[in-house]
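First up is the structure itself, then whatever we jot down about it.
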Amino acid sequence: MIISTQNLKRSFQVGSEKVEALKGINLSVEKSEFLSIMGPSGSGKTTLMNIIGCLDTPTEGTYHLNNNLVNDLSDDELARIRNKEIGFVFQSFHLLAKNSALNNVMLPLKYAGVREDNAITMAKNVLDKVGLTNRINHSPSELSGGQQQRVAIARALVNKPSIIFADEPTGNLDSQTGDDVMNLFKELNEQGQTIILITHEEDIARQSKRIINIKDGLIESDYKI
Amino acid sequence: MLFKESIISALSSIRSNIVRSFLTTLAIIIGTAAVIAVIGLGSSANKALDEQIDDFGPRTLVVSPGQNRRGAVTKGFIPLDIKDAYALEKNEEHNWMISPYISRNRQVKFNNANINQRIRGNLPIHFKVRGYDVEYGRIFNDDENFGRKRVVVLGAAVPKELKTSPQNILDKEVLIAGTGYKVIGILEEEGNTGWQSPDEELYVPLLTGAQRLFGTKNVDSINIGVEKDANVDEIMMSIERILRAQHDIGPGADNDFNINDYSQFSDLRRQATGIFTALIAGIAGISLVVGGIGVMNIMLVSVTERTREIGLRKALGATHKAIMSQFIVEAILLCVIGGCIGVFLGTSVLYLLASFQDWPFAMPFSAIVGSITFSAMVGLFFGIWPARKAAKLDPAISLRYE
Ligand SMILES: Nc1ncnc2c1ncn2[C@@H]1O[C@H](COP(=O)(O)OP(=O)(O)OP(=O)(O)O)[C@@H](O)[C@H]1O
Ligand SMILES: [Mg+2]
């Protein structure tokens with residue numbers, strides 16, 4: 001089991017009010033799963049991803065990643081886990097504008113302390129894998145939305161993470177390039193990559209192997225396709 | 001590799017906001033330029049001083065007339081006599097050069113030219129003490145001095161002032177106070193050394209001057225050239241002893257002459273220049289610190305602007321330290337670039353100033369290294385807080401930041 005959460009809760013203090021974004025999530029994810037999290041806006045999808053992606057910590061409940069308790073780790077230990085075990089893909093790509101595709105993909109390797117020549121080889125390999133062999137020196141502004149998202153996926157892949165989290169990865173793309181990105185995810189999953197996808201769209205979610213519906217911070221349904 | 005990443009990201013951030021970066025570093029640029037120019041000015045002044053002292057060749061002590069006090073009654077200045085100089089000369093203890101002189105202004109005529117000029121009566125050794133060399137002819141000798149011969153050596157500028165050339169005036173007679181003197185030599189150009197203008201003077205033998213021109217045996221002062229490594233205290237004590245005997249000064253009575261060590265003055269002047277330089281450089285340094293506050297301000301803005309980038313970097317595994325170093329490197333780089341521009345600016349200004357004013361130009365390397373190091377330290381100091389702010393950002397919240 002890669003991910004296992006028990007009664008995960010997360011609340012935010014907004015002024016004098018307490019917003020409960022997650023109200024007790026019990027979730028288990030096995031290796032090589034391809035899972036979609038669906039739910040209306042504000043239901044807590046991103047909050048859940050942040051916690052299981054080690055960007056945030058729960059206010060209550062426990063979270064085990066690769067059978068290790070994550071709750072009590074220090075900021076730098078969490079940073080190390082994000083660097084080695086987790087790859088993020090965001091709706092708005094989040095690429096560094098003044099850097100080439102290659103540099104963007106190399107960034108996690110720099111934080112991992114990989115030697116520069118090795119890092120270049122590794123980054124080129126994953127850029128190959130996402131079909132951007134001829135675009136490695138382009139900056140984000142010189143790439144289409146679909147290509148930018150592929151760079152982001154390559155960046156998520158480069159440290160060979162246990163899980164990839166993708167928060168609305170097709171949200172900013174037209175349906176054709178959205179399908180291309182989904183095909184890339186399917187291909188990666190067939191090679192054994194664990195992927196957790198967050199989406200609003202039913203037909204995107206249907207392309208994965210398991211769908212979890214969240215509503216008001218609770219899991220409403222969880223079924224395999 | 002992380003450090004290299006910090007440098008690259010800092011440079012690209014500075015470059016993408018080039019106008020803002022420039023305005024931010026302006027105070028650093030001006031501060032460093034001011035510090036550098038002032039320090040350079042100070043060491044140029046010292047260099048000028050050194051060159052002046054070198055002109056004197058060996059170290060020179062100056063004995064000048066003083067006041068004789070008996071009780072509360074001041075008897076006015078007691079003159080120094082030529083005999084005093086010869087008494088010093090006779091002393092065999094020290095290897096010194098005794099050079100007394102008398103100088104007055106007199107009318108000098110040559111053909112139609114008629115000028116009022118400084119005439120100096122001195123011994124042949126005077127030229128050696130001062131390190132003056134002849135360009136044409138020769139200087140007078142001891143025989144001409146003792147013979148009270150009417151011979152004269154001209155400073156380099158004198159022929160021109162007499163509307164002639166060195167070649168035309170050499171071996172001719174000039175009229176000094178109405179009497180003819182043979183021009184036997186003309187000196188090389190010496191340039192002005194502070195308060196003296198050796199090029200403008202006419203030099204006659206001391207005894208000739210005393211008897212024929214000035215009508216006095218009292219000398220203005222006695223210059224005593226000593227070797228550079230001589231024991232000055234001991235020499236001063238010998239001078240005192242000899243002159244007190246000459247002047248019949250009893251035990252317990254005050255000297256009626258003064259002995260000055262010129263190089264003491266130059267040490268004092270050097271010290272004063274040093275203190276002054278440090279003071280102004282310190283004041284200019286304050287503007288560097290003020291510049292540092294500007295850098296801190298802009299770094300805080302930069303951190304806010306780049307909240308999403310910081311969130312992303314953290315999501316990709318950047319530690320506290322990695323984010324800290326990125327922003328501190330950026331602040332240091334900003335200041336160091338400003339410092340380098342400032343050094344260039346300050347050095348150029350001083351160089352131009354020096355070449356227009358005909359000063360010697362000196363810029364100590366340590367001042368350049370020092371001021372760039374100082375601006376780096378300003379960057380480090382004022383970069384820490386913004387960098388800490390960046391490093392402490394919550395990654396989840398930063399990623400949501402619009
Ligand atoms: N940092 C925060 N501070 C305060 N409230 C927050 C914070 N993060 C999330 N929330 C609140 O928690 C709830 C869940 O937010 P979350 O972003 O997880 O929703 P979501 O399902 O991802 O929505 P969307 O589909 O719009 O992205 C919302 O009510 C949101 O306002
Ligand atoms: Mg969301």
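The values are calculated or read from the model by the stated rules, or taken from the named source; none is laboratory data. Just so we're clear, the structure is a prediction, and the values are computed from it rather than from any experiment. Here the Cβ positions follow ideal geometry from the backbone for every residue, glycine too, while neighbour counts run over all protein chains shown. These area figures cover heavy atoms from the full protein model, side chains too; ligands, DNA and RNA do not enter into them. Shrake-Rupley method; radii C 1.70, N 1.55, O 1.52, S 1.80 Å.
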Exercise. Ranked from the most accessible area to the least, with a 1.4 Å probe and all protein chains present, what is the order of B:ASP81, A:ASP76, A:ASP203?
Worked result: A:ASP203, A:ASP76, B:ASP81
Exercise. Where a Cα-Cα gap under 20 Å defines reach, which lysines qualify for B:LYS109, not counting those fewer than 8 residues away within the same chain?
Worked result: B:LYS149, B:LYS160, B:LYS163, B:LYS172, B:LYS182
Problem set entry | Cut-off under 5 Å, modelled amide H: who pairs with A:ALA21 long-range | A:ARG10, A:SER11, A:PHE12
Problem set entry | segment A:23-107: relative contact order as a whole-number percent, Cα under 8 Å and 6+ apart | 17
Exercise. Is any residue of segment B:105-139 close enough, with backbone N under 19 Å, to a label point placed 7 angstrom from the Cα of B:GLU173 along the Cα-Cβ axis, and if so, which?
Worked result: B:107-115
Exercise. Which lysines, on any chain, are close to A:LYS23 with Cα under 19 Å apart, when same-chain ones fewer than 8 places away are left out?
Worked result: A:LYS9, A:LYS45, A:LYS215
Exercise. So how exposed is A:LYS215, as accessible area in Å² (1.4 Å probe, rounded to 10)?
Worked result: 100
Exercise. Roughly how much accessible area, to the nearest 100 Å², goes out of reach of solvent when B and A pair up, both sides summed, probe 1.4 Å?
Worked result: 2200
For this session: Putting +1 on Lys and Arg Cβ atoms and -1 on Asp and Glu Cβ atoms, find which of B:LEU175, B:PRO159, B:ILE78 reaches farthest to the positive end of the dipole of segment B:59-226.
Result: B:ILE78
Exercise. Tilt of helix B:365-391 relative to the longest C-alpha principal axis of chain B, in degrees (0 to 90, nearest 10)?
Worked result: 20
Seminar exercise, completed: With R₀ set to 45 angstrom, the calculated FRET efficiency between the beta-carbons of A:GLU60 and A:GLU202, to the nearest 0.05, is 0.90
For this session: Send over the semi-axes of segment B:59-226's equivalent ellipsoid, whole angstrom and largest first, taken as the square roots of 5 times the C-alpha gyration tensor eigenvalues.
Result: 29, 18, 15
Exercise. Counting Lys +1, Arg +1, Asp -1, Glu -1, what net charge surrounds B:ASN218 among other residues with beta carbon under 12 Å of its beta carbon?
Worked result: 0
For this session: Mind giving me the FRET efficiency for A:SER41 and A:LYS160? R0 is 30 Å, r the Cβ-Cβ distance, nearest 0.05 is fine.
Result: 0.35
For this session: Kindly provide the trypsin sites (Lys or Arg not before Pro) of segment A:104-200 that DSSP labels as loop, not H, G, I, E or B, and whose Cβ sees at most 12 other Cβ atoms within 10 Å.
Result: A:ARG115
Seminar exercise, completed: If every Lys and Arg gets +1 and every Asp and Glu gets -1 at its Cβ, then about the Cα centre chain B yields a dipole, in debye to the nearest 20, of 1460
Exercise. Averaged over A:150-159, how many beta carbons belonging to a partner chain fall within 10 Å of each residue's beta carbon?
Worked result: 1
For this session: Starting from one equal scatterer on each C-alpha and no solvent at all, send me the Debye-based log10 I(q)/I(0) for the protein assembly as shown at q = 0.09 Å⁻¹, two decimals.
Result: -0.82
Exercise. Tilt of helix B:320-357 relative to the longest C-alpha principal axis of chain B, in degrees (0 to 90, nearest 10)?
Worked result: 30
Seminar exercise, completed: Rounded to the nearest 500, the 222 nm mean residue ellipticity computed for the protein assembly as shown from DSSP H runs (n ≥ 4, each -39500 (n - 2.57)) alone is -15500 deg cm²/dmol
Seminar exercise, completed: Among the Cα-Cα pairs of segment B:287-348, the proportion with separation greater than 14 Å, in percent, is 65
Seminar exercise, completed: Interchain or sequence-distant (5+) residues whose placed amide H lies within less than 5 Å of the amide H of A:LYS215 are A:GLU220
For this session: Using only the alpha carbon atoms of chain B, find the Kirkwood hydrodynamic radius as the inverse mean reciprocal pair distance, in angstroms to one decimal.
Result: 26.6
For this session: Kindly provide the Kirkwood hydrodynamic radius of segment A:3-224 in Å, to one decimal, from all pairs of distinct alpha carbon atoms.
Result: 17.9
Exercise. When N is the residue count of segment B:157-275, what does its C-alpha Rg come to as a fraction of 2.2 N^0.38 Å?
Worked result: 1.46
Seminar exercise, completed: Sequence order, segment A:131-144: Karplus ³J(HN,Hα) from phi using 6.51 cos²θ - 1.76 cosθ + 1.60, θ = phi - 60°, Hz rounded, Gly and Pro as x, gives x, 10, 3, 8, 10, 5, 9, 7, 8, x, 5, 9, 10, 6
Exercise. What number, in percent, do you get for the relative contact order of chain B if the mean sequence gap of Cα pairs under 8 Å and at least 6 apart is divided by its residue count?
Worked result: 30
Problem set entry | Percentage relative contact order, segment B:59-226, counting C-alpha pairs under 8 Å, at least six apart | 34
Exercise. Roughly how tilted is helix B:2-16, in degrees to the nearest 10 and between 0 and 90, from the longest Cα axis of chain B?
Worked result: 80
Exercise. In straight Cα distance, which lysines are under 25 Å from B:LYS4, not counting same-chain residues fewer than 8 positions off?
Worked result: A:LYS84, A:LYS98, A:LYS110, A:LYS124, A:LYS160, B:LYS314, B:LYS321, B:LYS389, B:LYS392
For this session: Express in Å², to the nearest 10, the accessible area of B:SER287 obtained by rolling a 1.4 Å probe over the protein heavy atoms while all chains stay in place.
Result: 40
Exercise. Between B:ALA362 and residues 5 or more places away or on another chain, which pairs have amide H atoms under 5 Å apart, with H built 1.01 Å from N, and which residues are they?
Worked result: B:SER44
